1. Could I have the simple spin-label model distance between residue 145 and residue 170, label points 7 Å from Cα toward Cβ, reported in nm to one decimal?
2. Of (1) 60; (2) 54; (3) 65, which is the value of percent of Cα pairs over 22 Å apart derived from the coordinates here?
3. What percent do you get for the relative contact order of the chain when only Cα pairs under 8 Å and 6+ apart count?
4. Give the peptides 40-52, 62-74 in descending order of average Cβ contacts within 10 Å, highest first.
5. So, by mean Cβ neighbours within 10 angstrom, what's the order for 194-202, 75-83, 128-136, 165-173 with the highest one leading?
6. Can you tell me the length gained on complete extension of the stretch residue 107 to residue 51, counting 0.36 nm per residue apart and subtracting the Cα distance?
7. Given the Cα-Cα distance of residue 81 and residue 213 and 0.36 nm per residue of separation, how much length would full extension add, in nm?
8. I need the peptides 114-127, 223-236 ranked by packing, meaning the mean over residues of other C-beta atoms within 10 angstrom, with the highest value on top.
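Here, each number is a calculation from the coordinates, and none is a lab measurement. Bear in mind that the values here come from a model prediction, so they are computed numbers and not experimental data. Don't worry about glycine lacking a Cβ; one is built from the backbone with ideal geometry, like all the others, and counts go over all protein chains shown.
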C-alpha cells in the first residue's frame, strides 16, 4: 500500500471518514465532559450558597451526576439511532436501485463526476472502473457520502457520552467536598474554570480550531453559570427559604 506521502496527501489533514470519526467522538466526549463539569458544579455551588452542610451538597451533586449521565446517554442514543436508521434506509434504497436499473445508476454516477468537472469520456471511465471495483460503495460515496462499513453506532456514542459526563462531573463534586468549608466555593470555582479551559483547548486542538477562543468561550460560560447558581443559592439561604 502506498504511503501517505507517496499518495500526495498530508499526514496532518483528515481524509476519507477520519474527520467524521474524530468529530463524532469529539462531540460525545468533550461536550459530555463539559456538560458534566458545568452542570454538577452549578448544582453543588448553588447548594453550597444556601447551606454549608455536607449532606445536602453531596446528595444534590450525586443526583446531578447520575441524572445527567443518564440524560446525556439517552439523548445521544436517540440522536445517533435516528442518524443510523436514516443511513441504513438510504443504503437499502441504493441497493434496490442498483438491482432494478444498473444502467441508469451507472449513467447517474458518470453524470456526478462530470458535474465535478471531468470530461464526459473521463467521467464515464471513472464510473465504470469504480463500478467494477465496488458498485455499492461507489454510489454511496458519490451520491450520499456514506460508507457502508462506517455506520454510526448509537450504543458507542451513548456510552462515550455517559462516561465523559461522569468524568467531568466527578471534578466539581470532589472540589466542593474535600476542602475546608470556607474554601469550598473558591476552590470549586478555580478547579472548574481550569478544567473547562483545558477541555475547551483540547477539543479545539482535536478539531483543528483556535484553542484560545474555544477555551475562553467555555470558561466565560462556566463562570456565568457558577456565579448565577451561587447567587441564587445565597439569596435563598439568606432569606431562610432553605
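1. Each label point is offset 7 Å from its Cα along the Cβ direction, giving 3.7 nm.
2. (3)
3. Relative contact order comes out at 36 percent.
4. 40-52, 62-74
5. 165-173, 194-202, 75-83, 128-136
6. So the chain would gain 13.0 nm between residue 107 and residue 51.
7. Stretched out fully, the residue 81 to residue 213 stretch lengthens by 44.3 nm.
8. 223-236, 114-127
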